[in-house]
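A short worksheet on the structure shown next.
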Amino acid sequence: MSNVVDIAKSQLGYKEGPNNQTPYGKWYGLDHNPWCAMFVSWCYSEAGLIAKVAASTKKGFAGCDAGLKWFVKNGKSVPVGKAQAGDIVFFQFDTDAEPDHVGICVSNDGKEYLTVIEGNTSDGKGSQSNGDGVYLKKRAYSLIMGVARP
């Protein structure tokens, strides 16, 4: 899965256009929409692994909830402490019991944090689930709703 991580790293610093305009949304066919899941799907597609994340369509998944449910149903979930590079990480930032955001694991400290590349997040204090670009984030285990290993 290191190829997926390398592809995601190549996108670090990307900033979206007006109204969620991105090449990831355009590729998926849903431009101008929240795009974190489409970013993850695009990275897997670029790595030639799109069939491993085809949760909603042959192009992967565009929504976090559909993605997480599909991975769990297909026995692809792993404990957060076992997350490794290339795994897909689903986040919970509020209290509605549905995943709010998704990214690609880069590393796991094995104690309390994952380093994750995420699309449609913020660099600083802005929205973490609907931001402006692709960033490398350090996330506490407590924010993680699920981890999938495609």
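I need the calculated FRET efficiency for the pair Ser127 and Ala85, taking r as the beta carbon distance and R₀ as 22 Å, to the nearest 0.05.
Efficiency at R0 = 22 Å is approximately 0.30.
Tally Lys and Arg at +1 and Asp and Glu at -1 over the other residues with C-beta under 12 Å from the C-beta of Asn20: what net charge comes out?
Values: positive: Lys15, Lys26; negative: Glu16, Asp31, Asp132.
Surrounding charge for Asn20 is -1.
What 222 nm value per residue comes from the helices of the chain, counting each DSSP H run with n ≥ 4 as -39,500 (n - 2.57) and dividing by all residues, nearest 500 deg cm²/dmol? Walk me through the numbers on the way to the answer.
Values: 4 runs with 36 residues, N = 150.
After summing the helix terms and dividing by the residues of the chain, the value is -7000 deg cm²/dmol.
State the percent of C-alpha pairs, over all pairs in the chain, separated by a distance greater than 27 angstrom.
10
Can you give the net charge of the other residues whose Cβ lies under 11 Å from the Cβ of Gly103, counting K and R as +1 and D and E as -1?
Residues close to Gly103 contribute a combined charge of 0.
Of Phe61, Phe93, Phe71, which is the most mobile in a GNM of the chain whose springs link Cα atoms less than 10 angstrom apart?
Phe93
So what's the convex hull volume per residue for the Cα atoms of the range 43-88, in Å³? Show your work: numbers first, answer last.
Details: hull volume 3.5 nm³, N = 46.
Once divided by residue count, the hull of the range 43-88 is 76 Å³.
Apply the Karplus parameterisation 6.51 cos²θ - 1.76 cosθ + 1.60, with θ equal to phi minus 60°, to every residue of the range 119-126 and state each ³J(HN,Hα) to the nearest whole Hz, in sequence, with x for glycine and proline.
x, 6, 10, 10, 6, x, 8, x
Let me make sure I get this right: for the range 1-73, a, b and c are the square roots of the gyration tensor eigenvalues over alpha carbons, sorted descending. Under 1.5 in a/c it's rounded, otherwise prolate if a/b > b/c, else oblate. Which is it?
In terms of gyration-tensor shape, oblate.
Over what distance in Å are the Cα centres of the range 81-142 and the range 1-70 separated?
Value for the Cα centre distance between the two parts: 14 Å.
Just so you know, all these numbers are worked out from the coordinates, no wet-lab data involved. As the structure is a computational prediction, the values presented were derived from the model and not from experiment. For neighbour counting, all protein chains shown are included, and Cβ atoms are generated from backbone atoms with ideal geometry for every residue, glycine included.
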